[in-house]
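The values are calculated or read from the model by the stated rules, or taken from the named source; none is laboratory data. Remember, predicted model here, so these are calculated numbers, not experimental data. Glycine also receives a Cβ, built like all others from the backbone with ideal geometry; neighbour counts cover every protein chain displayed. Surface areas here come from the heavy atoms of the whole protein model, side chains and all, with no ligands, DNA or RNA. Shrake-Rupley method; radii C 1.70, N 1.55, O 1.52, S 1.80 Å.
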Amino acid sequence: MSKRWEQIESNVGADTANKSDNELEVVVIFTTVRETLSALREASALALQLGVRTRIIVPHVVPYPLPVEQPPADPGIRVRMLETACEAEGIETSIEIRLCRRALEAVKNTLMPGSVVLIGGRERWLSRAGRLAKELRRSNHHVLFIPSSEARYVGGASFGTVIDPGLKPG
């Protein structure tokens, strides 16, 4: 038995009762949990300074053989992982999963004109996130890439662990 999904929305400590459709917000686009959390930390700090709310958009691409409302994997897993991480860090946000065929279209249809968008990771034009950022900038959105705080880049490669500078090669 498969569960049918249209849109999943979760609010983690966020007061959405007074939300208006034209209210400025800082939007984080989900890439990976680690990269998204790095971007979310920066977004929270920015939102606090501006007095606005944060929102995470999680585009969940469903392959064509399946109906878009019946994804092969439970999209709620990502929501629960993000909720747990946000609660542990005391970050208030809303999380939206958008079931779609193309992530770009789902994100563009969700954003208000001129949105401030943060994406975790490194900006590489060949990556999915890089192409998304390029298209969002073409649509007059303000896109910032936030490097993952737990990754260290050495010679163009990304490592999830910090390299001890005291280590001497073999």
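Taking the range 122-170 and the strands (runs of 3 or more DSSP E) fully enclosed by it, the elements with 3 or more residues that are modelled with pLDDT of 85 or more and either surrounded by 14 or more Cβ atoms within 10 Å (Cβ to Cβ) or not acidic (Asp, Glu) (or both) are at 142-146.
Filtering the range 65-113 to residues that are charged (D, E, K, R) and touching a Gly at 6+ places or on another chain (Cβ under 8 Å) leaves 87, 92.
Quick test for you: out of 82, 104, 118, 99, pick the one residue that is under 19 Å from residue 42 (Cβ atoms) and at pLDDT 90 or above.
Working: 82 fails: at pLDDT 90 or above; 104 fails: under 19 Å from residue 42 (Cβ atoms); 99 fails: under 19 Å from residue 42 (Cβ atoms).
Only one candidate passes the filter, namely 118.
Taking the criterion of being of a type in the set (S, T, N, Q) and either modelled with pLDDT of 90 or more or open to solvent by less than 70 Å² (accessible area, probe 1.4 Å) (or both), the residues of the range 12-48 that qualify are 16, 20, 31, 32, 36, 38, 44.
Of all residues in the range 77-115, exactly one satisfies the criterion of being among the hydroxyl-bearing types (Ser, Thr, Tyr), under 14 Å from the mean Cα position of the chain (by Cα) and assigned to a helix (DSSP H, G or I), namely 110.
Note on the range 49-84: residues that are basic (Lys, Arg) and open to solvent by 50 Å² or more (accessible area, probe 1.4 Å) total 2. Out of 91, 95, 57, one residue alone is in contact with a Phe, Trp or Tyr (Cβ under 8 Å, 6 or more places away or on another chain), of a type in the set (A, V, I, L, M) and in contact (Cβ under 8 Å) with a residue 24 or more places away in the chain. It is 57.
When residue 73 is tested against the conditions (1) over 13 Å from the mean Cα position of the chain (by Cα); (2) outside any loop (DSSP other than H, G, I, E, B), the lone failure is (2). From the list 69, 135, the one residue that fits, being touching a Leu at 6+ places or on another chain (Cβ under 7 Å), free of Cβ contacts under 8 Å to residues at least 40 places away in the same chain and among the acidic types (Asp, Glu), is 135. The set of residues in the range 21-54 that are without any contact (Cβ under 8 Å) to a residue 24 or more places away in the chain and aliphatic (A, V, I, L, M) comprises 45, 47, 48.
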